[in-house]
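Participant: Here it is, the structure in full.
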Amino acid sequence: MKDQIRYGDDYRFIPAFSFKSGELLEVTTDVSCYVDQIVNVVLIEANDQLVIVDTGMPKSSEKLISLIESRHNKGIKLAAILLTHGHFDHVGTVVDIVDKWNVPVFAHETELPYLTGKLDYPEPDSSVEGGFVAKISRFFPNEAINLGEKVEALPTTGQVPFLDEFTWVHTPGHTLGHVSYFRKRDGLLLAGDAFVTLRQDSLYQVVTQKGEVSGPPRYFTTDWDSSYDSVKRLANLKPSIAITGHGPPIKETELTEGLRHLVDHYQDVAVPDNGRYSH
Ligand SMILES: [Zn+2]
Ligand SMILES: [Zn+2]
């Protein structure tokens with residue numbers, strides 16, 4: 001019998017779009033970033049195989065599947081899915097992709113209960129400041145999906161399956177088992193929601209095409225002390241390019257100075273004053 005892998009019962013299409021929605025940006029020769037409504041999916045080609053990091057928004061699998069198929073047509077086969085964490089906007093199409101290609105999914109051991117139907121995420125805190133997106137975050141799904149045996153813990157060695165050049169870094173705070181992925185060779189950081197590259201109140205706005213290093217999405221972040229430690233850990237890696245969960249890729253001075261500013265002013269710029277989880 002087929003494994004019963006499934007999304008949370010509260011998973012539904014969220015009518016949210018950004019200016020870049022649908023765009024595929026080539027970030028390096030082997031890494032591209034696909035913008036699924038408001039969230040980024042990273043596609044990495046290595047040794048004639050394709051690995052994707054996070055899977056986008058609920059009910060949006062068609063476009064991502066066609067992007068993967070276009071790689072297949074060039075002989076580059078999907079090998080695995082890596083997750084930074086299990087929030088709905090990062091696992092929105094994972095069941096469709098696993099059903100279609102039966103590839104393994106990897107996440108941090110601590111995140112597994114939220115990916116195997118055992119624990120739901122805390123409800124989004126729609127009272128935090130953060131403009132429109134924080135207000136509508138109460139409609140965001142928070143129920144755990146269930147990937148059953150399709151999801152595995154990342155190796156404790158820090159190695160990343162199928163991607164020899166990458167290591168994973170535990171960056172808790174936004175969620176307990178949040179991880180980021182780092183490639184030392186070119187300083188490429190896939191930060192997930194440990195920090196993001198757009199202003200909290202502009203997640204849906206057209207105005208900014210430029211990235212701006214900003215704290216993790218407020219409405220879902222539950223442990224601000226850990227999230228601060230995680231941002232410092234990532235800044236210490238001295239990344240040269242970052243692709244985060246939300247917002248455009250960011251490089252060099254903008255990234256370095258943005259991270260420095262975030263670290264130096266974390267309480268002011270990242271932590272909400274009045275959030276349910278910030279005291
Ligand atoms: Zn998240
Ligand atoms: Zn996110």
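Participant: Over the chain, what number does the Rg to Rh ratio reach, with both radii from the alpha-carbon atoms and Rh per Kirkwood?
Facilitator: My calculation puts Rg/Rh at 0.93.
Participant: What percent of all Cα-Cα pairs in segment 107-199 falls into each 5 Å bin, going from 0 up to the bin containing the maximum distance?
Facilitator: 3, 12, 17, 20, 19, 14, 9, 5, 0
Participant: Right, another one. Taking 8 Å as the Cα distance limit and 6 or more residues as the minimum spacing, I'd like the relative contact order of the chain as a percentage.
Facilitator: Relative CO of the chain lands at 17 percent.
Participant: Once you've got the Cα coordinates, tell me which of LYS184/LYS232; LYS63/LYS118; LYS20/LYS59; LYS74/LYS150; LYS135/LYS251 are over 21 Å apart.
Facilitator: LYS63/LYS118; LYS74/LYS150; LYS135/LYS251
Participant: Once phi is turned into θ = phi - 60°, what whole-Hz ³J(HN,Hα) does the Karplus curve with 6.51, -1.76 and 1.60 give for every residue of segment 104-113, x standing for Gly and Pro?
Facilitator: x, 10, 10, 8, 5, 3, 5, 8, 4, x
Participant: Mind telling me which of HIS72, HIS108, HIS90 comes out most flexible in a GNM of the chain, alpha-carbon contacts under 10 Å?
Facilitator: Highest fluctuation among the options: HIS72.
Participant: Picking from PHE19, PHE106, PHE220, which is most flexible by a Gaussian network model of the chain using Cα springs under 10 Å?
Facilitator: Of PHE19, PHE106, PHE220, the Gaussian network model singles out PHE19 as fluctuating most.
Participant: Report the Rg/Rh value for segment 62-221, based on alpha-carbon coordinates and the Kirkwood definition of Rh.
Facilitator: Here the Rg-to-Rh quotient is 0.97.
Participant: Can you tell me how much longer the chain between ASP48 and LYS251 gets when fully stretched, taken as 0.36 nm per residue apart minus their C-alpha distance, in nm with one decimal?
Facilitator: Result for the pair: 70.4 nm of gain on full extension.
Participant: So, one more: Mind checking the log10 I(q)/I(0) for segment 129-279 at q = 0.09, 0.16, 0.18 Å⁻¹? Debye, one equal scatterer per Cα, no solvent, two decimals.
Facilitator: Values, matching the q order: -0.29, -0.91, -1.12.
Participant: Need the full-extension length gain, GLU62 to LEU119, defined as separation in residues times 0.36 nm minus the C-alpha distance. One decimal, nm.
Facilitator: Between GLU62 and LEU119, full extension yields an extra 17.7 nm.
Participant: Something else now. Please tell me the relative contact order of segment 24-157 in percent, rounded to the nearest whole number, where contacts are Cα pairs under 8 Å and at least six residues apart.
Facilitator: Result for segment 24-157 is 19 percent.
Participant: Given 37 °C and 0.692 mPa s, how large is the Stokes-Einstein diffusion coefficient of segment 1-97 in µm²/s, with Rh as the Kirkwood radius over Cα pairs?
Facilitator: 238 µm²/s
Participant: Based on DSSP, what percent of beta bridges with both residues in the chain are antiparallel, to the nearest 5?
Facilitator: In the chain, approximately 65 percent of DSSP beta bridges are antiparallel ones.
FYI, it's all coordinate maths here, none of it is from the lab. All of these numbers come straight from a predicted model, not from anything done at the bench.
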